[in-house]
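Laboratory data are not the source of any read-out in this text; all were calculated from the coordinates shown. Treat the numbers as computed from the prediction; the structure is a model and nothing was measured. Glycine gets a Cβ as well: all are built from the backbone with ideal geometry, and neighbour counts include every protein chain shown.
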Amino acid sequence: MSETILEVKNVTKTYPGVVALDNVSLEFRKGEVHALVGENGAGKSTIIKCIAGAIQADKGSILLEGQELVGKKLTENSSNGVEVVYQEFNLAPQLSVYENIFIGKPIRKGPGNAFVDKAAMIRETRELFTRLGMDIDPEARIDTLSVAYMQFVEIAKAISKKAKVLIMDEPTATLTNAEVEILMKNIRRMKAEGTTIIYVSHRMEEIFEITDRCSVLRDGKYIATVNTAETSREELIRYMVGRELVETFPSRDAEIGEVVLEVKGLYGNGVSNVNFELHKGEILGFGGLVGAGRTETAEMLFGAARVEKGDIILKGKKVTMHHPREAIRNGIALIPEDRKQHGLILDKSIMENMTLPVFKRLSTMQFLDKKKQIDLTNEQVEALRVKTPTIDQLAKNLSGGNQQKVVLGKWLIAESDIVIFDEPTRGIDVGAKQEIYKLMNQLVENGKAIIMISSEMPELLGMSDRLVVFSEKRQVGVLEKEELDQAVVLDMASGDK
Ligand SMILES: Nc1ncnc2c1ncn2[C@@H]1O[C@H](COP(=O)(O)OP(=O)(O)OP(=O)(O)O)[C@@H](O)[C@H]1O
Ligand SMILES: [Mg+2]
């Protein structure tokens with residue numbers, strides 16, 4: 001069990017203005033599940049890319065079973081025994097599931113292997129999914145799948161290559177609970193077969209459930225490696241953030257005022273009969289399982305999906321919104337769940353991204369108030385602790401979690417009266433989570449109203465004033481603050497009562 005399979009030795013990697021990795025050494029054992037943890041921008045994805053050969057380290061060496069890996073660049077066809085499920089998807093969206101699994105190495109048949117054997121590839125893909133316990137159509141086009149299914153195809157593809165070391169960079173960020181369970185089962189099976197698994201996640205529950213050891217990075221530096229069974233959440237968090245941090249929900253002092261939004265008998269976007277009131281100064285939680293209809297409801301409130309029946313009443317006035325533009329004009333903002341696709345322009349800077357919704361407001365005649373633009377951006381970058389050398393950095397050069405923060409900042413600058421947060425802390429590290437909770441508190445203390453969709457039970461219970469529970473595309477109840485209890489919520493959300 002203690003045999004070393006992979007060694008990272010004194011690896012340094014710098015980008016202009018950023019030391020992404022600073023003389024990092026790590027050691028991974030055969031057949032262990034090894035967590036890599038740290039705050040957003042700590043260097044987790046960078047070390048993974050170095051190990052996989054996707055980028056070259058400036059200094060240092062990486063040894064797999066004693067053999068130097070550096071310089072052997074990975075292609076789709078050749079494997080050095082290390083496979084990676086990246087944080088960003090690497091699938092070809094216009095191709096089918098089986099084509100993606102066999103990309104670069106199709107099964108061939110006929111004289112001189114002249115023909116691609118489509119039937120065999122479909123069959124093998126189906127067998128692979130059955131073995132993994134996943135239910136995905138091998139012939140479906142990738143871009144017709146949900147994000148969770150895309151992630152599963154990525155995972156299946158990596159697993160199918162029978163690597164010695166399998167690295168997963170936040171594999172569960174987009175998975176539903178049931179799918180997380182399937183993944184955990186597969187990880188245990190691979191571990192039993194002697195595969196080494198390097199697992200990056202911000203979800204503490206998973207880390208404690210599945211990993212044997214944890215290594216912590218902070219600001220590109222190696223901090224410590226601990227046995228998971230011998231550590232605690234508190235200790236890990238202390239290593240990650242470099243200070244004491246209690247995982248609690250900051251208290252707020254917001255006055256709950258008049259009704260700002262009333263939803264009456266709302267139908268549409270696949271959802272039935274939604275009824276609730278949102279007050280000034282209130283955080284209204286939307287609870288339920290993934291797929292329960294929460295995002296679909298939010299889309300109607302944001303003018304992004306058509307309302308079939310029912311009323312949306314804003315400050316006493318009935319409104320019909322056909323486009324998000326109208327919602328924004330009405331003072332409603334939606335911070336979407338899928339921020340990479342919907343929230344960010346990767347080739348633009350942090351500042352351009354963050355000030356996009358207020359661009360008009362910043363411009364008088366055709367002159368842009370550059371100073372104001374810079375000030376607003378700096379304010380949010382500080383408040384959210386976005387890790388970047390400058391606000392001119394392109395969004396694509398930020399770490400995954402820091403990209404999320406830029407999208408959050410963008411809507412915070414927009415200053416809407418009603419802000420809908422869809423999974424606000426997904427992919428966000430523990431320290432920054434607290435900053436986001438504090439920001440939400442500030443918003444309601446300043447008289448705004450918030451709808452928060454979340455799949456994290458502690459967050460829902462800790463932050464909501466009241467909670468609307470959804471199940472199977474309809475609303476099943478509204479819970480008052482005193483009634484907020486995990487068991488009650490789960491019972492309602494499961495839909496079988
Ligand atoms: N191509 C690049 N150009 C400039 N800076 C980069 C580039 N890639 C990464 N960085 C920087 O290197 C640092 C480490 O980033 P990395 O993606 O490894 O973080 P991470 O630990 O994976 O964070 P997260 O939890 O947010 O995914 C960050 O400050 C990031 O902005
Ligand atoms: Mg990352």
Next item on the list: Could you tell me how many degrees, from 0 to 90 and to the nearest 10, lie between the Cα long axis of helix 177-192 and the main elongation axis, the longest principal axis, of the Cα atoms of the chain?
Entry: 20
Notebook entry, point to check: Hey, what's the Cα Rg ratio for the chain versus the globular rule of thumb, 2.2 N^0.38 Å?
Noted result: 1.02
Check: Against the longest principal axis of the chain, how steep is helix 118-132, in degrees 0 to 90 to the nearest 10, with axes from Cα atoms?
Finding: 70
Next item on the list: With a cut-off of 19 Å, note down the residues of region 280-309 whose backbone N falls inside the zone around a label point 7 Å from the Cα of residue 472 toward its beta carbon.
Entry: 287-297
Checklist line | Residue order, fewest to most surrounding Cβ atoms within 10 angstrom, among 272, 232, 251 | finding: 251, 232, 272
Next item on the list: Please state, as a whole number in µm²/s, the translational diffusion coefficient that the Stokes-Einstein equation yields for region 259-494 at 4 °C and 1.567 mPa s, with Rh defined as the Kirkwood radius across alpha carbon pairs.
Entry: 71
Next item on the list: Please arrange 150, 457, 463 by counting, for each residue, the other beta carbons lying within 10 Å of its beta carbon, fewest first.
Entry: 457, 150, 463
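Taking neighbour counts of Cβ atoms within 10 Å as a proxy for exposure, in what order, fewest first, do 267, 437 appear?
Details: 267 15, 437 20.
Least crowded to most crowded, the residues run 267, 437.
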Notebook entry, point to check: Over the Cα atoms of region 4-241, what Rg and Dmax result, in angstrom?
Noted result: 18.3, 63
